[in-house]
Structures are given as structure tokens and as C-alpha cells.
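A.B. asks: Sharing a structure here in C-alpha cells format.
The values are calculated or read from the model by the stated rules, or taken from the named source; none is laboratory data. Nothing here was measured: the structure is a model prediction, and the numbers come from that model. Here the Cβ is made from the backbone with ideal geometry for all residues, glycine too, and neighbour counts use every protein chain on show.
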Amino acid sequence: MKTILVTGGTGFIGSHTCVELLNDNYNIVIIDDFSNSKPEVAEKIMKITNKKVKLYEGNVCDTELLTKIFKENQIDAVIHFAGYKAVGESVAKPLMYYRNNIDSTLTLLEVMSDNNCKKIVFSSSATVYGNPERLPLDESCHLSATNPYGATKLYIEGILKDLYISDNEWSIAVLRYFNPVGAHESGLIGENPNGIPNNLVPYIVKVANKELPELNIFGNDYNTPDGTGVRDYIHVVDLARGHVKSVEKIFEESGIDYYNLGTGKGYSVLDLVKTFESVNNIKIPYKIVARRKGDVAACFASTNHAKEKLNWEATLTLEDMLRSAYLYSKVIKKGY
Ligand code: UFG
């Protein structure tokens, strides 16, 4: 049985990935500082899978703690999720983003090297494509950063590339996520951002629960079929399964490769509102407001590379995503 260290394993994508890995018979060790999650998530992961995870509380920048984790466990590979991820906050606090996201990755890679563990899956983002050069976006499209958060992802991709060039024994999968939404069908784990959400689906969910009065749709004058922004929404469980396939791949062969994880389909903001209303039988009041600074009209993936190399593709629908996101919000409202 192989043991995977999952940094940020109690976060939104991390927790769903731990579930899929445990279901596939991997051992899991989690390190998380709970800056954007809660220790209870580890219990939920164990409840869903009926398997144990080992949990360390702390930040990935902490060399001593990481060294201790590698001493106490035979880590075969790492999935590195831990990092700050709010675009707006990164513009306001760039140093905090550069320090945390890059420092943690360097520390992790150093400790991995010291312990002769050279297999890593890195959590990157479609944000590295900046303003899309062409659609659908394939992995060879031009890369650029439009904010400090995106810059940290881009720099880390560069660090990983240089590391592989220096030592071909490394085996590295860089996963570029499109827009992950939804929750586990158990309703036990999902996305639960603090305060007013920045992202569309968590915002719609709060409107549905009457915690916010209405959705603001940021512009209906884009060059898209209905004028609202188009994105490639992917169910977090599909995304998690993409990680399991990537882990299999890094155990097969050394190298560095980049994979878009999306569905390849674009949906508009109005498509989401309408689908949410029909699957959950609830009205979502909205108004059209000005465009949000930095938004692009459309962004969706070419998923051919992941299909061919990882033998993975998304199978869950937009309906599944929006039904599960709402279900999870109702479960947490009840305080489970
Ligand atoms: N939107 C609204 N109202 C809202 C929130 C969003 O109309 O209250 C619209 C946006 O204008 C956009 C779409 O909904 O057209 C999706 O917006 P999100 O904020 O949910 O997602 P983004 O595509 O802007 O950003 C996401 C991640 C980023 C990542 C980026 C690129 O949140 O971390 O994808 O991959 F960088």
C-alpha cells in the first residue's frame, strides 16, 4: 500500500481527493494549518470511507514539521494543494501570497529531496493561461499571470520544471484546474468559504439559502451566446478522480507533464442560474451589474491530453454539480 502526503488535505479539493485515494486503497497523511478549513473535515473523510487518515496540524513552510512527517511516515508521493487562493486578496496582499505559496513549495521540495521522495502532483490552475490565447485552451497555450495568486502558480510551475531539468528522476504532474464546484454526494464535505463568497456557485448557494438577497451578475455584454461570462465548471469529485489517475501516472514513469482538468464544456452565468433553479426547485433573484475587473469573456479547456495520457475524463453533469452544492449547504446549515 502506497502512502501519499496530501498538503491542504482538509480543503475543498484536498478533502474530496483524500476520499477518492482512500477508496482506491492508498494510505493518507494530511498536513493542514486549517487557515481555510476545519479539523472536523478529516473526521468526515474517515466517516465517508471508513478508513483512517493521519493528520498533522501546521504550515508547509515549517521545515521541522515536514521533516518529522517524513521521518514518521514512509511517504511515497505528495499531492500539494496547500496555498492561498483568493484572487482579490492576492492583489491586496501580494507579499503574503508570494511568501506563503512559494515558500511552502520550496520547503516541501527540499524536504522531499532530502528524503529521496521525488514524486509530486501539483495543484495549479487555469489562471496560468491569463487572457486565453485561443479556445479551447490546450496545455501548449501561452502562459501569463494577471494577479499575484496566478503569478505564484506560474512561478511554482517554473520551479518544478527547473527541478526536473536538474534531476530527471523526478516525476511531476501539474494539474491545471478549471472551475471546481459541487460536493460529495454524502453531503458531508464540500465548499464552505468564510464571509461573502467571491466565486459564483458558493454565492448562488447563499442566495438560495437567503443569506444574501440576490446574485450580482457581472456583465451581460460579453461576446458570448447570452452575454454573460462562460466558464468550464467541473464537479469536484471528477477533479478528485483526476488526481488519483495522476498519482498512478507519476508512479509509472518519471518526467514532468501538464494536464488541464475540466469538462471541455462552457456554461454561462445565466446557464448556471437556470440549471440551479430547475434542479433545486428554487428561485434565484439576480440583477445585472457592471463587469468585474480582470474577468475574461470565456474560458474552457481542451481535455484531450488528460484523456489520452491519464485515461481520465469528467463524467458528472452540471446538474450533479449544482444539486450536490446545494445539498451540502443544507447539511452544514443543520450543523452536521
Ligand atoms: N460571477 C458573477 N457573479 C458573482 C461571481 C461570479 O457574475 O458573484 C461570474 C464571473 O464574472 C464569471 C463567472 O461567474 O463570469 C465565474 O466566476 P468565478 O469567480 O466563480 O470564477 P473565475 O472563473 O473568475 O475564477 C476561477 C477561480 C480562480 C481561478 C480562475 C481561473 O476562482 O481561482 O477560475 O482558472 F484563477
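A.B. asks: Inspect all residues belonging to the range 246-255 and state whether any of them is crowded, with 21+ Cβ neighbours inside 10 Å, under 30 Å from I159 (Cα atoms) and hydrophobic (A, V, I, L, M, F, W, C).
C.D. replies: yes
A.B. asks: From the list L327, L270, L322, exactly one residue is buried (at least 17 other Cβ atoms within 10 Å of the Cβ) and within 10 Å of the ligand (Cβ to nearest atom). Which is it?
C.D. replies: L270
A.B. asks: Now for a different question. Quick one: is Y129 under 21 Å from A306 (Cα atoms), touching a residue at least 60 places away in the same chain (Cβ under 8 Å) and away from the ligand (no atom under 15 Å from the Cβ)?
C.D. replies: no
A.B. asks: When the residues of the range 175-212 are narrowed to those that are polar (S, T, N, Q) and under 23 Å from A42 (Cα atoms), which ends up surrounded by the fewest Cβ atoms within 10 Å (Cβ to Cβ)?
C.D. replies: By that ranking, first place goes to N194.
Table: residues versus (1) surrounded by fewer than 17 Cβ atoms within 10 Å (Cβ to Cβ); (2) over 17 Å from the mean Cα position of the chain (by Cα); (3) more than 12 Å from I79 (Cα to Cα); (4) among the basic types (K, R).
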{"position": "V6", "(1), (2), (3), (4)": "no, no, no, no"}
{"position": "G11", "(1), (2), (3), (4)": "no, no, yes, no"}
{"position": "T17", "(1), (2), (3), (4)": "no, no, no, no"}
{"position": "L21", "(1), (2), (3), (4)": "no, no, no, no"}
{"position": "N25", "(1), (2), (3), (4)": "yes, yes, yes, no"}
{"position": "V29", "(1), (2), (3), (4)": "no, yes, no, no"}
{"position": "S35", "(1), (2), (3), (4)": "yes, no, yes, no"}
{"position": "P39", "(1), (2), (3), (4)": "yes, yes, yes, no"}
{"position": "K44", "(1), (2), (3), (4)": "no, yes, yes, yes"}
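Condition check ((1) within 12 Å of the ligand (Cβ to nearest atom); (2) touching a strand residue (DSSP E or B) at 6+ places or on another chain (Cβ under 7 Å)) across all residues:
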position	(1), (2)
N216	yes, yes
G227	yes, no
V237	no, no
K245	no, no
K249	no, yes
Y259	no, yes
K265	no, no
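A.B. asks: Here is a further query. Looking at K153, is it at pLDDT 95 or above, within 18 Å of S113 (Cβ to Cβ) and not aliphatic (A, V, I, L, M)?
C.D. replies: Here the answer is no, as K153 does not meet what is asked.
A.B. asks: Out of D76, D62, which single residue is within 22 Å of S246 (Cα to Cα) and of a type outside the set (S, T, Y)?
C.D. replies: Sole residue among the options that is within 22 Å of S246 (Cα to Cα) and of a type outside the set (S, T, Y): D76.
A.B. asks: I'm trying to understand the selection: among the residues of the range 283-314, which are within 17 Å of the chain's Cα centre (by Cα) and either closer than 30 Å to E253 by Cα or away from the ligand (no atom under 13 Å from the Cβ) (or both)?
C.D. replies: Matches in the range 283-314: F300, A301, T303, A306, W312, E313, A314.
A.B. asks: G150: of a type outside the set (D, E), crowded, with 17+ Cβ neighbours inside 10 Å and on the phi > 0 side of the Ramachandran plot, yes or no?
C.D. replies: No; evaluated as a whole, the condition is false for this residue.
A.B. asks: Let me ask something else about it. Is there a residue being under 17 Å from D32 (Cα atoms) and β-branched (V, I, T) anywhere in the range 123-144?
C.D. replies: For the range 123-144, residues under 17 Å from D32 (Cα atoms) and β-branched (V, I, T): absent.
A.B. asks: Which count do you get for residues in the range 175-213 that are modelled with pLDDT of 95 or more, over 17 Å from A240 (Cβ atoms) and under 18 Å from the mean Cα position of the chain (by Cα)?
C.D. replies: The total comes to 4.
A.B. asks: What about N223, is it away from the ligand (no atom under 14 Å from the Cβ) and out of contact with any Ser or Thr (no Cβ under 9 Å at 6 or more places or on another chain)?
C.D. replies: no
A.B. asks: Considering each of K206, K245 in turn, give the residue that is charged (D, E, K, R) and touching a Pro at 6+ places or on another chain (Cβ under 8 Å).
C.D. replies: Sole residue among the options that is charged (D, E, K, R) and touching a Pro at 6+ places or on another chain (Cβ under 8 Å): K206.
A.B. asks: Also, I was wondering about something else. Among what's in the range 196-252 and is of a type in the set (V, I, T) and outside any helix (DSSP H, G or I), pick the residue that is farthest from G88 (Cα to Cα).
C.D. replies: T224
Here is a yes/no grid of residues against (1) touching a residue at least 24 places away in the same chain (Cβ under 8 Å); (2) within 21 Å of G150 (Cα to Cα); (3) touching an Asp or Glu at 6+ places or on another chain (Cβ under 8 Å):
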position	(1), (2), (3)
S166	no, no, no
W170	yes, no, no
Y177	yes, yes, no
G182	yes, no, yes
G190	yes, no, no
N198	yes, yes, no
Y203	no, no, no
F251	yes, no, yes
V269	yes, no, no
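A.B. asks: May I ask you to list the residues in the range 133-192 that are of a type in the set (S, T, N, Q) and within 16 Å of the ligand (Cβ to nearest atom)?
C.D. replies: S144, T146, N147, T152, N179, N192
A.B. asks: Evaluate the following for Y149: is it under 19 Å from T7 (Cβ atoms), in contact (Cβ under 8 Å) with a residue 40 or more places away in the chain, under 16 Å from the mean Cα position of the chain (by Cα) and not in a loop (DSSP other than H, G, I, E, B)?
C.D. replies: yes
A.B. asks: Turning to a different aspect of this structure: Out of the helices (runs of 4 or more DSSP H) lying entirely within the range 1-119, which hold 2 or more residues that are touching a Cys at 6+ places or on another chain (Cβ under 6 Å)?
C.D. replies: Here the list reads 103-114.
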